Structure formats: structure tokens, C-alpha cells
Amino acid sequence: LYDSMAPGVDRAMLGESLVEAWSRYEPEKAGDWILQNVTDPMEQSRTISRLMTAWGYDRPEQAIEWLSQLPSPEIRRTERGRVVQTWAQDDLMGAASYVSQFPPSTQMDPSIQSIALSYSKFDGPTAISWAQSITDLKLRQRTIQQVAREWMAYDPIAARPYITTVKAPKIPRSQRGR
């Protein structure tokens, strides 16, 4: 059916739905099907995202292993972060242990961010520590801000001393209000 449809929204939605259902039982085969049949780059990216979200709940390490065969480093980076985010919801210690095996790098930044944001809901100092290891400065700053907001929500007394020492970003004069 998929092959007989003209490229477009309906075909893309069908592909995503097929992969989402298939990924519960045979995620490796669903992934191989994507690589063989989904040729549009945007459609392929969305379909891989669906696969990684579903696969990340059951067998995250296998999902990450499968990603290593993808030619696009950007898709590997983004989707590894998605798998780690899903994994951390179910097994934060396992996901953190996996991520800690790798040195901080732009390739690992989305995964590190996922761990930091997961810890931010109950362990501000650990979340800040993870966030500070993000190599991309803008992503690091955004993540630290998100962590600080979460921390303030559940433990403002402990968070306040840290938050008051964080420097505000420099805003160019042209963007300042008068």
C-alpha cells in the first residue's frame, strides 16, 4: 500500500503509523524498512523519530546501536538524545550510566541535556552538574535555565543560592528596552 501511494502527507502519515505499530514487535525490521523505503529526507527523519521513541522504551541500547548505521550525524545526534530522554523516564540511572561512558561533545549534548532535565525534577545539584558538561554554550545556557526553573519549583530554598550566582546573559544594546 505504502509503495503504491504518491509522495505526500497521506503517505508520510501511513509510513509513520506503520513504523510506530511495527516497532513494538520488530523494531529492527521497522528500521530497516525505513532505510529501504522512505526516501524523502524529512519523512525519513520523522519516521525514524517515531521508531526511536517507541524503541527507546523497550530496548534503548539496541535503538542507539541501530542509529550508528545512519549516514547523517545530525540525525544520529538528535535521535540518540530522544532515545536517552525516553530511557531516562523509565530508568534514569541506566540512561545516565550509558551517557557517562562518553566524553562531552556536540554529538552527546542532546543526551546530556536529557539526563540533566530528568534530574532537574528532583535533584537540582546533579542536574546542574550534568548541564554544565554540555559543550554547546547556547544549549548549556538554556538547559541550566530550565534546570534552575524546575529546581526552584520544588526546592526554592536550596536553589536560590545557586540561582543568584548565575550571570544573566549579555543582551546587545540594540535589543535592550529603553
| note | Only unsatisfied item for Ile157, checking (1) buried (at least 16 other Cβ atoms within 10 Å of the Cβ); (2) at pLDDT 90 or above, is (1)
| field | Failed criterion for Ala54 (all others in (1) over 14 Å from Leu70 (Cα atoms); (2) more than 20 Å from the chain's Cα centre (by Cα); (3) not polar (S, T, N, Q) hold) | value | (2)
| field | Qualifying position, being of a type in the set (Gly, Ala, Ser) and either in contact with a Cys (Cβ under 6 Å, 6 or more places away or on another chain) or free of Cβ contacts under 8 Å to residues at least 12 places away in the same chain (or both), among Ala153, Ala88, Ala54, Ala159 | value | Ala153
| query | Does the range 23-42 include one or more residues that are open to solvent by 70 Å² or more (accessible area, probe 1.4 Å), out of contact with any Lys or Arg (no Cβ under 8 Å at 6 or more places or on another chain) and among the β-branched types (Val, Ile, Thr)? | reply | yes
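Yes or no: Ser17 open to solvent by 30 Å² or more (accessible area, probe 1.4 Å), out of contact with any Pro (no Cβ under 8 Å at 6 or more places or on another chain) and not in a helix (DSSP H, G or I)?
Spelling it out, it is not the case that Ser17 is open to solvent by 30 Å² or more (accessible area, probe 1.4 Å), out of contact with any Pro (no Cβ under 8 Å at 6 or more places or on another chain) and not in a helix (DSSP H, G or I).
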| task | List the helices (runs of 4 or more DSSP H) that sit entirely inside the range 46-115 and contain at least 2 residues that are open to solvent by less than 50 Å² (accessible area, probe 1.4 Å), touching a Leu at 6+ places or on another chain (Cβ under 8 Å) and not basic (Lys, Arg). | result | 73-90
| said: Tell me the residue from Asp40, Asp91, Asp109 that is charged (D, E, K, R) and within 23 Å of Ile163 (Cβ to Cβ), please. | reply: Asp109
| Does Asp136 qualify as being in contact (Cβ under 8 Å) with a residue 24 or more places away in the chain and either touching a helix residue (DSSP H, G or I) at 6+ places or on another chain (Cβ under 8 Å) or over 17 Å from Pro73 (Cα atoms) (or both)? | yes
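The values are calculated or read from the model by the stated rules, or taken from the named source; none is laboratory data. As the structure is a prediction and not an experimental result, all values here were calculated from the model. Virtual Cβ from ideal backbone geometry, glycine too; neighbours counted across all protein chains shown. Please note that ligands, DNA and RNA were not included when accessible areas were found on the heavy atoms of the full protein model with its side chains. Shrake-Rupley method; radii C 1.70, N 1.55, O 1.52, S 1.80 Å.
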